[in-house]
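Asker: Quick one: the structure is below, and I'll ask about it shortly.
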């Protein structure tokens, strides 16, 4: 038996430490109690019939929230009827969590209503901004990693969380040049947002790969700097080489480097679901099913507690 003696602070500070430890344990329990969804596919209208014909090969669907919260009711009803055999996870692109202005309350209300209608285990949006006052930028724009931006993001995340008890996840995005004038690194910024808002993470490993190539950084060192215990879901996708860089267009097969990163992540994070994204240049559907099957094999083989997992001490090469 090993006896560990702790040196407790003076006065009543020890009670605060115990309370903080209890709170952290409750957060970990909250994420660990979420259902294991397996490996799913991003729902896209051109794939509808293929998805329905192959429902036994797809564990869940992720649906773009913005395509339905303003849609005619009959479109939403038809989708929910078609997708009733799948667990559904709403994923937003227009919340603009990093914009320093009051959030769009109608957008938030519609999002929460859609989340509740789908009986989703969690929902997500991006750690970015898509709007400025009176203007919709129309793309996921990176944030400055500053204390001021951190305050804005945390304020907006807390607003979202007050509207629903369903866990909310934030996704890392790509950016194509170093963000100047920051007070901290991207990993430090993400870590502080997640911890200060008690939020989960949707970790896009293709985005990690693309940023590492374009910004000439080590993706594994980046991952080691994140609170991986907060990773609930993972995105995988493919990009294209264009203009001397890799672009995140969700229009290609998952590359070897992304499979390597996925193995590392599932070995070191309590991943509840892996999601394949494909938005354009759709291949034969069997090719996407093969990628889903490979991701499922990685989750089962390298997931936490599995034999042969890839831990912080090393990496395992992909065989694809």
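Asker: Using the per-residue mean of other Cβ atoms lying within 10 Å as a proxy for protection, in what order, highest first, do the peptides 278-289, 233-244 fall?
Answerer: Taking the mean over residues of other Cβ atoms within 10 Å, the ranking is 233-244, 278-289.
Asker: Follow-up. Classify region 98-186 as rounded, prolate or oblate, taking a ≥ b ≥ c as the square roots of the eigenvalues of its Cα gyration tensor: rounded when a/c is under 1.5, otherwise prolate if a/b is larger than b/c and oblate if not.
Answerer: Verdict is prolate for region 98-186.
Asker: Pull out the extension gain between residue 78 and residue 117, defined as 0.36 nm times the separation in residues minus the alpha carbon to alpha carbon distance; nm, one decimal.
Answerer: Stretched out fully, the residue 78 to residue 117 stretch lengthens by 12.7 nm.
Asker: From Cα pairs below 8 angstrom and at least 6 apart in sequence, can you work out the relative contact order of region 37-302, rounded to a whole percent? Don't skip to the answer; put the middle values down first.
Answerer: On the way: 461 pairs, mean separation 47.0, N = 266.
It rounds to 18 percent for region 37-302.
Asker: Classify the chain as rounded, prolate or oblate from the Cα gyration tensor: take a ≥ b ≥ c as the square roots of its eigenvalues, call it rounded if a/c is under 1.5, otherwise prolate when a/b beats b/c and oblate if not.
Answerer: Details: a/c = 1.37, a/b = 1.20, b/c = 1.14.
Because its axes are fairly even, with a/c under 1.5, the chain counts as rounded.
Asker: Now, a different point. Arrange the peptides 38-45, 92-99 so that the one whose residues have, on average, the most other Cβ atoms within 10 Å appears first.
Answerer: 92-99, 38-45
Asker: Assuming a viscosity of 1.306 mPa s and a temperature of 10 °C, what translational diffusion coefficient in µm² per second does Stokes-Einstein assign to region 186-271, Rh being the Kirkwood radius over Cα pairs?
Answerer: After rounding, the answer is 120 µm²/s.
Asker: For the chain, what proportion of DSSP beta bridges, expressed in % and rounded to the nearest 5, is antiparallel?
Answerer: On the way: 6 of 32 bridges.
Restricted to the chain, the bridges split so that about 20 percent are antiparallel.
Every read-out reported here was derived from the displayed coordinates using simple, explicitly stated rules and does not represent laboratory data. This one's a predicted model, so the numbers in the text were calculated from it and none came from an experiment. Every residue, glycine among them, receives a Cβ derived from its backbone with ideal geometry; neighbour counts consider all protein chains shown.
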